[in-house]
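I have placed the structure first, in the form of structure tokens, so that the comments after it can refer back to it.
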Amino acid sequence: MHLLVLNCGSSSIKADVLDPATGERVLRARAERIGTEAGVLRINGAAPTGLVTVDVASAIERLLPALLDALPDGITLAGTAHRVVHGGERFTHSVRIDDEVEAGIEALNPIAPLHNPANLAGIRGARRLLSGLEHIAVFDTAFHATLPRRARSYALPASLTREHGIRRYGFHGISHAYVAQRAADYLVGDLRDLRLITCHLGNGASVCAVEYGRSIETSMGMTPLEGLVMGTRCGDLDPGILLHLLREGYTEEQLDHLLNRQSGLAGLSGLGNDLRDIEEQAADGNERAQLAIHIYAHRVRKYIGAYTAILGGVDGIVFTGGIGENSALMRHRITQRLDFLGARLDEEANREADATVRRDGVADFSTRGSRSRLLVVATDEEHAIAMSAARLLLDRDRVRGARPIPVAVSARHVHLTQSHVEALFGEGHTLTERNPLSQPGQFACEETVTLIGPKRSLERVRVLGPARPESQVEISRTDEFFLGIDAPVRASGDINNTPGIVLEGPAGRVTLERGVICAWRHIHMTPEDSDHFGVADGDIVEVAVSSAEQRDLVFGGVLIRVSPSFQLEMHIDTDEGNAAGLCKDARGVLLATGGTASLQRRGTIHDRIPEAAE
Ligand code: AMP
């Protein structure tokens, strides 16, 4: 199998045709300095041809036909994998690209103005020119989707962060995930047994704490500007500095240019962004160059110390990227005197460490007795992107459409008939809408009732509207024990042979003879959604949810309910939500179906469920 991996930046395009199983390249194409008179196109390292194009979109029009022409005989492409820098909150895994996904990536342009527009231009051009191929987006942020809330949140007002999507997303995830896996392979351990700190030190740079295979902290934030000192980016700053410069008359453009292009190693040294030049000048006594190296190493050490504390110890510290892989001097400065955390530097091994010549791509530069290993791992982001895309292409039957399903946690609630509304709240009373619910026409009411069970009572239980042909009470397993009621797990509306309960409102009591259930976890969807996921009404499926609290779960026995009046959403109760540590905006991924056998035994669901039922 061979895939084309496209990595489109604002001034360059990297295109590799490779075998995802081995990472072996059969073809490389590079377009550089796009948009300038000096633009060039190189195929397989051959002499460059001129490429005077105005933008990425026109460069891709030139590059792809040339690349297809140069494909060796016998090599066919099984798909195209696109690197996308920002996946936002939505794209937490690689996805097949359709028009809707393309629009989703475009919607992220405002929070990734430097990267996503170029990625998108590549996607659009390639989808048009290679329309017979599957296109897959692989996101740089996706590996960090597991960041716990405490790590991904900034201490700003909650309403503001929600409104503007302000949170830590993290970047370089493709590289961090790849080198962590390589390090685990080398350490002859399962990644799930290891606590690693991965340092991607290239022109852009970030650190990641990888706990048992999951990113739990990373230094880049909402944008790739936070964290380490980089080639031309400043990394961490006191935000007060920006306020000061604004007051001093700096414009938005000037600040952007200052922080992204004039800072970091280049700004500190005054010698440009290439550490090779800075190291040379430092050796000749250039003080600015020496200080730049000190500040760079100090910042990385600071993060390693902090991340060791967060991980509660570290089994391996991994260096990658142009600087991490090639600068023995920088590795030395960063890792000397880390003995206190169990990492002992072997000076000679560090000087000689060259991961690229090793078959496993890993060079170990810690001493024999070092409890925590110091490793250089050659990153290969294109290979990582190809592997991720290949997994998606080969796994098409298990993961049913990568489209995530919003998961809503339903608190205990009550549905009432109109006559019960009047008995509880007074003659002629009608339900008052408090706020709409996600399912069209459904709403939470101002009205609440008390549930009086054999053992105890639960007060202020919300009534949901509109009124229904039959009253029904939906509680969790914990509520059942509290009230002293044994309620069966049922689909909404299926209340034959269920226990009753006493309801109390301001105007009186109602004794229900039946209707108390523990709601069967279910997914509402439209017929279009059911086509997309390849499921039918009444099917039973599994849904994997990833949790902010690292308590991922796969829910089995999830009932599919299809109606044109539904909106795509999975409903679970509070016990289920708490078990998975779910918070607002949780999402699930549909896995294999368990078939409809259990339901066929019990009749069809639509015989028993009212339209648009909760
Ligand atoms: P990357 O973005 O991962 O390609 O890293 C590029 C950066 O790595 C360059 O700008 C240099 O600063 C740095 N680099 C590459 N090779 C060396 C080397 N031999 N010594 C020091 N720095 C290097």
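The values are calculated or read from the model by the stated rules, or taken from the named source; none is laboratory data. The structure displayed is predicted, hence computed values, not measured ones. So basically every Cβ, Gly included, is an ideal-geometry build from the backbone, and we count neighbours across all protein chains shown.
Kindly establish whether ARG373 is more than 16 Å from the ligand (Cβ to nearest atom), within 22 Å of VAL188 (Cβ to Cβ) and in contact with a strand residue (DSSP E or B) (Cβ under 6 Å, 6 or more places away or on another chain).
Numbers: more than 16 Å from the ligand (Cβ to nearest atom): yes; within 22 Å of VAL188 (Cβ to Cβ): yes; in contact with a strand residue (DSSP E or B) (Cβ under 6 Å, 6 or more places away or on another chain): yes.
Yes: the conditions hold for ARG373.
Okay, residues lined up against (1) assigned to a strand (DSSP E or B); (2) at pLDDT below 90:
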| site | (1), (2) |
| --- | --- |
| ARG509 | yes, no |
| GLY538 | no, yes |
| SER547 | no, yes |
| GLY581 | no, yes |
| THR593 | yes, yes |
| SER598 | no, yes |
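Scanning the range 345-357 for residues that are in contact with a helix residue (DSSP H, G or I) (Cβ under 9 Å, 6 or more places away or on another chain) and either surrounded by 15 or more Cβ atoms within 10 Å (Cβ to Cβ) or under 16 Å from VAL314 (Cα atoms) (or both) turns up LEU345, ASN350, ALA353, ALA355.
Given the criteria part of a loop (DSSP other than H, G, I, E, B) and farther than 28 Å from LEU311 by Cβ, does ARG368 qualify? It would help to see each step written out before you state the result.
Numbers: part of a loop (DSSP other than H, G, I, E, B): yes; farther than 28 Å from LEU311 by Cβ: no.
Criteria not met by ARG368.
Any residue in the range 264-276 that is touching a helix residue (DSSP H, G or I) at 6+ places or on another chain (Cβ under 8 Å), among the small types (Gly, Ala, Ser), surrounded by fewer than 17 Cβ atoms within 10 Å (Cβ to Cβ) and over 19 Å from THR218 (Cβ atoms)? Looking for residues that are touching a helix residue (DSSP H, G or I) at 6+ places or on another chain (Cβ under 8 Å), among the small types (Gly, Ala, Ser), surrounded by fewer than 17 Cβ atoms within 10 Å (Cβ to Cβ) and over 19 Å from THR218 (Cβ atoms), one finds at least one in the range 264-276, hence yes. The residues listed here are THR379, THR356; of these, the one that is at pLDDT below 95, within 13 Å of the ligand (Cβ to nearest atom) and either over 21 Å from GLU280 (Cβ atoms) or not in a loop (DSSP other than H, G, I, E, B) (or both) is THR356. Out of the helices (runs of 4 or more DSSP H) lying entirely within the range 250-335, which hold 2 or more residues that are within 33 Å of the chain's Cα centre (by Cα) and at pLDDT below 95? Per the criteria, 252-261. Can you name the residue in the range 174-203 that is more than 15 Å from the ligand (Cβ to nearest atom) and of a type in the set (Gly, Ala, Ser) and is also nearest to ARG359 (Cα to Cα) among such residues? The qualifying residue nearest to ARG359 (Cα to Cα) is ALA183.
From the list ALA328, ALA343, the lone residue that is touching a residue at least 24 places away in the same chain (Cβ under 8 Å), of a type outside the set (Val, Ile, Thr) and within 12 Å of the ligand (Cβ to nearest atom) is ALA328. Scanning the range 233-249 for residues that are surrounded by 10 or more Cβ atoms within 10 Å (Cβ to Cβ) and either at pLDDT below 95 or of a type in the set (Lys, Arg) (or both) yields one hit, ARG233. Among all residue pairs at least 6 apart or on different chains, which show Cβ distances below 8 Å where the first residue, located in the range 297-323, is free of Cβ contacts under 8 Å to residues at least 40 places away in the same chain and the second is assigned to a helix (DSSP H, G or I) and away from the ligand (no atom under 16 Å from the Cβ)? Filtered contacts from the range 297-323: GLY305/LEU341.
Restricting attention to the range 225-237, report how many residues are free of Cβ contacts under 8 Å to residues at least 60 places away in the same chain and within 14 Å of the ligand (Cβ to nearest atom).
We begin by selecting, within the range 225-237, every residue free of Cβ contacts under 8 Å to residues at least 60 places away in the same chain; these are 225-226, 230-234, 237.
Subsequent filtering for residues that are within 14 Å of the ligand (Cβ to nearest atom) retains 230-233.
Looking only at that region, the number is 4.
Please determine, by comparing only the residues of the range 462-490 that are touching a Lys or Arg at 6+ places or on another chain (Cβ under 8 Å), of a type outside the set (A, V, I, L, M, F, W, C) and in a loop (DSSP other than H, G, I, E, B), which one is nearest to GLU513 (Cα to Cα). Of everything passing the filter in the range 462-490, GLY484 is nearest to GLU513 (Cα to Cα).
Can you go through GLU24, GLU61, GLU37 and tell me which one is charged (D, E, K, R), surrounded by fewer than 16 Cβ atoms within 10 Å (Cβ to Cβ) and in contact (Cβ under 8 Å) with a residue 24 or more places away in the chain? Explain how you work it out, then say what you get.
On the way: GLU24 fails: in contact (Cβ under 8 Å) with a residue 24 or more places away in the chain; GLU37 fails: in contact (Cβ under 8 Å) with a residue 24 or more places away in the chain.
Going through GLU24, GLU61, GLU37 in turn, just one is charged (D, E, K, R), surrounded by fewer than 16 Cβ atoms within 10 Å (Cβ to Cβ) and in contact (Cβ under 8 Å) with a residue 24 or more places away in the chain: GLU61.
State all residues of the range 511-535 that are among the aliphatic types (A, V, I, L, M) and part of a strand (DSSP E or B); if no residue qualifies, say none. Lay out the reasoning, then the answer.
Initial filter on the range 511-535 (among the aliphatic types (A, V, I, L, M)): 512, 516-517, 519, 523, 525, 535.
Listed by number, the residues that qualify are LEU512, VAL516, ILE517, ALA519, ILE523, MET525.
The residues of the range 73-111 that are crowded, with 22+ Cβ neighbours inside 10 Å, in contact with a Phe, Trp or Tyr (Cβ under 9 Å, 6 or more places away or on another chain) and of a type outside the set (Lys, Arg), listed by number, are VAL84, VAL85, HIS86, GLY87, PHE91, SER94, VAL95, ILE105, LEU108.
Given VAL554, VAL558, VAL545, which one is of a type in the set (A, V, I, L, M, F, W, C), closer than 30 Å to SER215 by Cβ and surrounded by fewer than 21 Cβ atoms within 10 Å (Cβ to Cβ)?
VAL554
Taking residues in the range 432-446 that are within 17 Å of ARG460 (Cβ to Cβ), and partners anywhere that are β-branched (Val, Ile, Thr) and in a strand (DSSP E or B), the pairs with Cβ atoms closer than 6 Å and at least 6 places apart or on different chains are CYS445/VAL463. The requirement of being among the charged types (D, E, K, R), touching a residue at least 60 places away in the same chain (Cβ under 8 Å) and either touching a Ser or Thr at 6+ places or on another chain (Cβ under 9 Å) or closer than 30 Å to LEU147 by Cα (or both) is not satisfied by GLU102. Taking the range 475-533 as the region of interest, how many residues are among the hydroxyl-bearing types (Ser, Thr, Tyr), buried (at least 20 other Cβ atoms within 10 Å of the Cβ) and closer than 28 Å to GLU422 by Cα? Final tally of qualifying residues: 3. Which numbered condition in (1) within 16 Å of the ligand (Cβ to nearest atom); (2) basic (Lys, Arg); (3) at positive phi is the only one that ARG351 fails? Every listed condition holds for ARG351 apart from (3).
Just to be sure I understand, how many residues within the range 309-325 are more than 13 Å from the ligand (Cβ to nearest atom) and crowded, with 24+ Cβ neighbours inside 10 Å? Write out each step before concluding.
Initially, the range 309-325 is screened for residues more than 13 Å from the ligand (Cβ to nearest atom), giving 309-318.
Now drop any that are not crowded, with 24+ Cβ neighbours inside 10 Å, which leaves 314, 316-318.
Summing the residues that are more than 13 Å from the ligand (Cβ to nearest atom) and crowded, with 24+ Cβ neighbours inside 10 Å in the range 309-325 gives 4.
Would you mind finding the one in GLU252, GLU211 that is more than 16 Å from the ligand (Cβ to nearest atom) and either basic (Lys, Arg) or touching a residue at least 12 places away in the same chain (Cβ under 8 Å) (or both)? Give the steps one after another, and end with the answer.
Values: GLU252 fails: either basic (Lys, Arg) or touching a residue at least 12 places away in the same chain (Cβ under 8 Å) (or both).
Only one candidate qualifies: GLU211.
The one condition from (1) within 16 Å of the ligand (Cβ to nearest atom); (2) outside any loop (DSSP other than H, G, I, E, B) that LEU242 does not meet is (1).
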